[in-house]
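Laboratory data are not the source of any read-out in this text; all were calculated from the coordinates shown. Not measured: the values here are computed from a predicted model. No Cβ is skipped: glycine too gets one built from the backbone with ideal geometry, and neighbour counts run over all protein chains shown.
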Amino acid sequence: MKYIQITFFNRVILFLFITLLFQSACSNNSEDSQTDDANERNHLKHTFKNDFLIGAAINDDQFNGIDTQAIDIILKEYSTITSENVMKSMYLHPARDIFFFDVSDKYVEFGERHDMHIIGHTLVWHSQLGEWMNQIKDSSEMATALSNHIHTIVDHYKGRIDSWDVVNEALNEDGSLRESVFYNAMGGSYLVHAFKMAEAADPEVELVYNDYNLWKPEKREGVIRLIKELRDNGARIDGVGMQAHWSLLGPTIEDIENSILAYAEHDVKVMFTELDVTTLPNPWDLEGAEVSQNFEGSPFMNPYPNGLPDSMQVKVAQRYEDIFSLFLKHQDKISRVTFWGVNDGQSWLNGWPIKGRTNYPLLFDRECKPKLAYDRVNNIKKAP
Ligand code: 9MR
């Protein structure tokens with residue numbers, strides 16, 4: 001009898017032990033994985049915790065819990081997420097009287113579940129726009145459509161989204177206003193209208209103007225004119241998002257720095273909202289080259305289909321180190337740095353400006369392994 005009692009007790013202990021082991025093994029691969037403190041200490045969000053938020057744009061498979069490898073990276077490394085596509089107009093507001101929140105709700109729930117800083121991207125953009133809005137020519141019709149669009153979406157996520165890219169890509173390369181469907185209907189007043197509508201719907205939410213090539217002096221001046229225009233007309237703007245789709249060669253650190261300084265001087269937070277570094281040749285650098293089907297399948301334009309050579313890995317790593325050294329130098333002015341994608345395989349740069357290439361623009365490779373560039377960024381504060 002004594003023998004049986006001990007065996008039973010041991011079995012219970014063994015059962016509990018195995019259950020615990022099993023749970024911890026599973027949770028390592030699941031969205032709910034909680035890494036222990038020792039593991040956490042070395043990841044990007046801890047490295048830069050006193051400097052700026054750090055994050056990535058994420059896609060459906062990630063916030064829906066399918067792409068577990070990428071989810072593991074997102075949860076370990078990042079403190080903020082951006083919706084790469086699902087909050088764009090054509091998805092959220094496909095027809096004048098139809099809003100569709102089912103998918104974007106999942107994105108926001110993912111961010112809330114993991115206590116992340118959640119970015120809404122983007123309310124007003126001429127691209128990926130519902131076709132119905134593309135048809136509007138009349139000023140007051142556009143003002144009403146924008147009010148309804150912005151109010152309904154911002155209100156739906158009131159208190160849950162931390163920061164909205166209110167207007168995306170409103171400027172031409174020379175800093176003038178782009179003749180978008182909004183501009184053609186309302187002139188430049190649509191920008192003030194959009195920022196005011198967003199603020200009215202959620203007075204607490206951060207309001208950002210987001211665009212590419214904001215390191216360019218002429219475009220920089222355009223942004224500064226826009227900030228003044230908004231404020232002179234009683235609208236609030238909190239931040240400028242420099243998208244940061246860069247290459248190994250440009251822009252120069254000096255040009256980026258000049259923009260950080262110029263924007264900060266106008267009392268806005270500076271954000272790097274869509275960071276990546278292309279490693280492939282740029283068709284626009286070739287004289288007379290057009291971004292056309294002609295380059296598809298061309299080995300010259302797609303030189304590394306089977307992996308990036310070590311010499312190139314070093315160049316990407318050095319470029320990222322230079323960029324992050326600059327970010328750290330101005331960490332008091334920079335509130336957020338977001339990569340445009342989680343791993344190389346998921347980057348939009350595999351399909352643009354030429355389809356079907358193999359690009360290596362991020363910190364994690366196609367197997368979700370950290371690259372040399374990751375190490376250089378994450379170790380940037382350590383003494384050489
Ligand atoms: O990464 C996005 C890609 O999957 C979409 O096909 C594309 C459509 O225009 O938009 C990409 O994201 C863009 C972002 O929303 C705004 N800045 C430029 C980004 C790259 O094109």
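One table, with the values for the structure above:
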read-out	value
Partners for Lys355 among aspartates and glutamates (Cα-Cα distance below 16 Å; same-chain residues under 8 apart left out)	Glu290, Glu296, Asp344
Region 297-384 - percent relative contact order, Cα under 8 Å, separation 6 or more	35
Gaussian network model of the chain, springs between alpha carbon atoms under 10 Å - residue of Met271, Met301, Met186 with greatest fluctuation	Met301
Signed unit charges on C-beta, dipole axis of the chain, positive-most listed residue Met90, Ser247, Ala317	Ala317
Contour minus Cα-Cα distance for Ala264 and Asp285 (0.36 nm per residue)	4.4 nm
Cα pair count fraction exceeding 38 Å, expressed as % - the chain	23
Using a Förster distance of 35 Å, the FRET efficiency for Asn233-Ile98 (Cβ separation, nearest 0.05)	0.65
Too-long pairs where the Cα-Cα distance tops 25 Å, listed order kept, from Lys49/Lys88; Lys219/Lys333; Lys49/Lys228; Lys49/Lys216; Lys49/Lys371; Lys88/Lys371	Lys49/Lys88; Lys49/Lys228; Lys49/Lys216; Lys88/Lys371
Long-range amide H partners of Leu171 with built H, under 5 Å	Arg178
Positive-end residue of Thr80, Trp132, Asn172, charge dipole of the chain with Cβ unit charges	Thr80
Most to least packed among 352-358, 48-54 [average Cβ atoms within 10 Å]	48-54, 352-358
Distance (nanometres) between label positions extended 7 Å along Cα→Cβ at Glu173 and Glu218	0.8
Karplus (6.51, -1.76, 1.60) ³J(HN,Hα), θ = phi - 60°, over region 62-72, in Hz, Gly and Pro reported as x	7, 6, 8, x, 8, 7, 5, 5, 5, 4, 4
3J(HN,Hα) from dihedral phi, region 209-225, Karplus parametrisation 6.51/-1.76/1.60, rounded to Hz, x for glycine, proline	9, 10, 7, 9, 6, 7, 7, 5, x, 5, 6, 4, 4, x, 5, 5, 4
Relative contact order of the chain, pairs being alpha-carbon contacts under 8 Å that are 6 or more residues apart, as %	15
From phi via Karplus (6.51, -1.76, 1.60), per-residue ³J(HN,Hα) for region 151-163 in Hz, x at Gly/Pro	4, 5, 6, 5, 5, 4, 10, 3, x, 10, 8, 8, 8
